[in-house]
Structures are given as C-alpha cells and as structure tokens.
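Novice: So that we are looking at the same thing, I have put the structure below in structure tokens.
Just so it is clear, none of the values below were taken in a lab; they were calculated from the coordinates. Small disclaimer: the values here were computed from a predicted structure and weren't measured. Here the Cβ positions follow ideal geometry from the backbone for every residue, glycine too, while neighbour counts run over all protein chains shown.
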Amino acid sequence: MRARREFQNRRDIEVDVLDALVDRSEEGMTVFELRAAVDADIDTIEDALASLKDDGLISVDKQGERVVILPDERVIPDPEEEVEEEQNFLDAVREKLGL
C-alpha cells in the first residue's frame, strides 16, 4: 500500500520510507526492517526519518525491547478513498477512449 497521495511529493527516499511504513502500519518497523525494505543506506534512511519525524509524519514507539517506527494516521490511506480514486481513474480512461 502506498501513503496518501498528498504525501507523495516528498523526496523519493521519504516516500519509500512512508510507503514501507504504511504497509506495516499496525505493527510498525524497526530501522533494520526499514533498511531491508528500502533500497538506501542507513544514513540516508536516518536522514529521511529525521525529516519525517520533524514534520510529524511518523512516531517512535517502544514495544517491549523493540523500538518501532509507525506512520501517522493521516499518512495511511482510507481504503474506500483508494477504490474511489481507482474508479475515477478508470472512468477518465474510458471517457478519453470514448468507451
């Protein structure tokens, strides 16, 4: 799953991190899990995380001995909105093709 459209205009690495976090929004991800999911070195990921945290788009939560990163609720798309956007896109394509 991808982060909401309004958050797709950030740096590529930040979008990649948000998308990975949205995929695992319930349980969150550790920095090492993010490293495995995002094709970037750890320093680049840490810079992206700092920027996202400064903007309030992620939070850090300690779950037992694990420290996980979670996306903010406003980053997670509403499944109903996604279906509506897909339908609007398909309608636009049909209209363009005259179907």
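Novice: Counting only GluC sites (Glu not before Pro) that are in a DSSP loop and have at most 16 other C-beta atoms within 10 Å, tell me the longest site-free stretch of the chain.
Specialist: That would be 28-64.
Novice: On to the next question. Give the long-range amide H neighbours of residue 59: residues separated by 5 or more places, or on another chain, with amide H under 5 Å away, using H modelled in the peptide plane at 1.01 Å from N.
Specialist: Under 5 Å from the amide H of residue 59 lie the amide H atoms of 70, 72, each far enough along the sequence or on another chain.
Novice: Now for a different question. Say R0 is 41 Å: what FRET efficiency, to the nearest 0.05, do residue 59 and residue 95 get from their beta-carbon distance?
Specialist: Efficiency computed from Cβ-Cβ geometry: 0.50.
Novice: In addition: Quick one: if you stick a label point 7 Å off each Cα along the C-beta vector at residue 27 and residue 11, how many nm between them?
Specialist: 2.9 nm
Novice: Calculate I(q)/I(0) for the chain by the Debye formula, one identical point scatterer on each C-alpha and no solvent, and give its log10 at q = 0.13, 0.18 Å⁻¹ to two decimals.
Specialist: Results for the chain at q = 0.13, 0.18 Å⁻¹ read -0.50, -0.80.
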